[in-house]
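A.B. asks: Submitted below is the structure of interest, expressed as C-alpha cells.
The values are calculated or read from the model by the stated rules, or taken from the named source; none is laboratory data. Just so we're clear, the structure is a prediction, and the values are computed from it rather than from any experiment. All Cβ positions, even for glycine, are placed from backbone atoms using ideal geometry, and neighbour counts span all protein chains on display.
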Amino acid sequence: MRRPTTALLAASAALALAGCHKSAPKPAPPQARAVSVVRVESRPIAGALAASGDLVARQEAAVLPEVSGYRVAEVLTNVGQHVRKGQTLVRLDPALIESQIAQQQAQLAQAEAQAAQAEDQAQRVKGLDDQGVLSQEQISQRRFQARAARATARAQAAALADLKTRYSKLQVVAPVSGLVLEKTVRPGDLTAQGSAPWFRLAEDSQIELQAQMSEDDLARIRVGQHAQVTLPSGTVVTGVVRLISPQIDPQTKLGFVRLTLPVRDDIRAGGFGRAVFADAAGRTLSVPETAVRYDADGASVMVVGADNRVKRVPVRAGVRGSGLVQIVDGPPAGSRVVANSASFLLDGDVVKPVEGAAPTTAASP
C-alpha cells in the first residue's frame with residue numbers, strides 16, 4: 001500500500017506546480033510615449049546664406065628697380081612691415097654712376113667752352129656779309145660751327161641730366177602706402193631688365209575676402225551688405241560687401257563678391273575665410289534648434305524610424321537663425337526627428353510620433 005500512496009502524492013505535487021505556472025500573469029508590453037516630431041526639410045533660414053573664399057589684397061602694387069646694371073647695397077624693409085608712399089625700400093650702390101656723372105660734367109664743361117668759342121667767332125663776322133673782308137663761305141662756316149657747338153653742349157647737358165635722373169632712381173621707393181606681402185630682393189643682387197618684382201604691396205594694407213557664390217545667391221547680395229567673416233584663427237570680424245561680380249564663370253557657374261575687412265595684423269593675404277550674411281535668407285535643410293542634442297560625442301538628433309523606434313544619428317550643424325539649425329551632414333530630407341532633444345529617449349525606444357510644425361522665418365529686410 002505504500003507504493004501507490006507515494007505515486008499519488010507525486011502526481012498531486014506535479015499538478016499543483018503546473019497549476020501555479022499557468023496562473024502567473026504575462027508582462028504587459030511597454031507603453032509607447034507620445035513625442036512631437038518634425039521633418040528634416042528645406043526651409044529659409046535668416047543668416048543661412050554663406051560663402052567661402054580666399055583672403056586677397058584689395059589692390060596690389062609691384063615694386064621694381066627703374067635702372068639696370070647696379071648692385072643692391074641695402075634692403076631697408078621686410079615682409080609684414082607697413083610702409084609709406086615714397087619711403088625708401090632699397091638703396092643701390094652709387095659708385096658706378098657717380099663716376100659717370102663726374103665724367104659727364106667734365107664733358108659738358110668742355111662742350112660749353114667750345115660752344116662759347118665758336119659763338120665768339122661767329123659774333124666777330126656779324127655785319128660783314130658782302131663786305132669783301134671775308135668770303136661768304138667763311139662767314140657761313142663760322143655761324144654753322146657756333147650752332148653745332150651749342151647743340152653739342154645741349155646734348156652733353158641732356159646726358160648729364162639723364163645720369164642725375166638715374167642717380168635719383170638708385171633709391172627704390174614705395175609707390176603706395178601699404179603692407180609688404182612679398183620680398184625677393186637681397187643685398188648684392190644686380191638690377192636687370194625683365195626681372196621679377198622685388199616687392200608686392202597691399203595698397204593701404206587693405207585685405208579683402210573674395211568669396212565664391214552661385215548665381216542665385218549673388219542675386220540676394222547687395223553692395224554695402226554686412227557679413228560675419230570667420231578667419232582661419234577662428235576670429236570673427238565684420239565685413240562689408242564692396243563689389244559684386246558682374247559675370248558668372250561659364251565653367252564653374254560661380255561668381256564672387258569682395259568684402260572689405262578691417263585692417264588687422266591677423267588678417268593675412270592668402271588665407272581662407274567664410275562669410276555668413278545675417279540679413280539674407282537662404283533655403284537649406286534644417287531642423288528646430290531644440291531638436292539638436294549636444295553631448296560628449298557631438299551634435300545629434302533622434303530619428304524616428306518606420307517602426308516608430310528612435311535612433312541617435314550624428315549631425316554636423318551649420319548656421320543658425322530664428323530657431324532653426326542648418327543640417328550640413330545628417331539624416332536625409334524627409335526624415336522624422338524628435339522635436340525636443342531634452343526628451344529622455346534611448347536608442348530603440350518605441351514612441352508615438354505626433355507631427356508638428358517647425359518654426360518659420362522671414363528674411364530680414
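A.B. asks: Of everything in segment 177-214, what is surrounded by fewer than 17 Cβ atoms within 10 Å (Cβ to Cβ) and either β-branched (Val, Ile, Thr) or touching a Cys at 6+ places or on another chain (Cβ under 9 Å) (or both)? Give them in sequence order.
C.D. replies: Selection gives Thr184 alone.
A.B. asks: Check whether at least one residue in segment 270-280 is of a type outside the set (Asp, Glu), in contact (Cβ under 8 Å) with a residue 40 or more places away in the chain and under 30 Å from Val75 (Cα atoms), and report yes or no.
C.D. replies: Yes: segment 270-280 contains one or more residues that are of a type outside the set (Asp, Glu), in contact (Cβ under 8 Å) with a residue 40 or more places away in the chain and under 30 Å from Val75 (Cα atoms).
A.B. asks: For segment 219-242, name all the residues that are surrounded by 19 or more Cβ atoms within 10 Å (Cβ to Cβ), in contact (Cβ under 8 Å) with a residue 24 or more places away in the chain and part of a strand (DSSP E or B).
C.D. replies: Those that are surrounded by 19 or more Cβ atoms within 10 Å (Cβ to Cβ), in contact (Cβ under 8 Å) with a residue 24 or more places away in the chain and part of a strand (DSSP E or B): Ala227, Val229, Gly239.
A.B. asks: For segment 282-302, state whether one or more residues are under 22 Å from His226 (Cβ atoms), aliphatic (A, V, I, L, M) and touching a residue at least 60 places away in the same chain (Cβ under 8 Å).
C.D. replies: no
A.B. asks: Moving to a separate point now. Name the strands (runs of 3 or more DSSP E) wholly inside segment 243-353 in which the number of residues that are modelled with pLDDT of 90 or more is 3 or more.
C.D. replies: 254-260, 272-277, 298-304, 310-314, 336-338
A.B. asks: Select from segment 89-112 the residues that are closer than 19 Å to Ala161 by Cβ, hydrophobic (A, V, I, L, M, F, W, C) and out of contact with any Lys or Arg (no Cβ under 8 Å at 6 or more places or on another chain) and write down the one among them that is surrounded by the fewest Cβ atoms within 10 Å (Cβ to Cβ).
C.D. replies: By that ranking, first place goes to Ala102.
A.B. asks: Could you check how many residues of segment 94-113 are in contact (Cβ under 8 Å) with a residue 40 or more places away in the chain and among the aliphatic types (A, V, I, L, M)?
C.D. replies: The number of residues fulfilling the criteria is 4.
A.B. asks: Within segment 286-320, track down each residue that is at positive phi and either within 36 Å of the chain's Cα centre (by Cα) or crowded, with 21+ Cβ neighbours inside 10 Å (or both).
C.D. replies: Gly298
A.B. asks: Next up: For segment 179-232: of the residues being under 25 Å from Asp266 (Cβ atoms) and among the polar types (S, T, N, Q), which is farthest from the chain's Cα centre (by Cα)?
C.D. replies: Residue satisfying both the conditions and the ranking: Thr184.
A.B. asks: Can you name the residue in segment 268-285 that is surrounded by 14 or more Cβ atoms within 10 Å (Cβ to Cβ) and among the small types (Gly, Ala, Ser) and, of all such residues, is nearest to Ser42 (Cα to Cα)?
C.D. replies: Result: Gly282.
A.B. asks: Follow-up question, since we're still on this one. What single numbered condition from (1) of a type in the set (Ser, Thr, Tyr); (2) modelled with pLDDT of 90 or more; (3) in a strand (DSSP E or B) fails to hold for Thr77?
C.D. replies: All conditions pass for Thr77, except number (3).
A.B. asks: Hey, another quick one. Of the residues that make up segment 262-273, is at least one under 27 Å from Ala227 (Cβ atoms), among the small types (Gly, Ala, Ser) and in contact with a helix residue (DSSP H, G or I) (Cβ under 8 Å, 6 or more places away or on another chain)?
C.D. replies: Checked against the condition, which is being under 27 Å from Ala227 (Cβ atoms), among the small types (Gly, Ala, Ser) and in contact with a helix residue (DSSP H, G or I) (Cβ under 8 Å, 6 or more places away or on another chain), segment 262-273 yields no hits at all.
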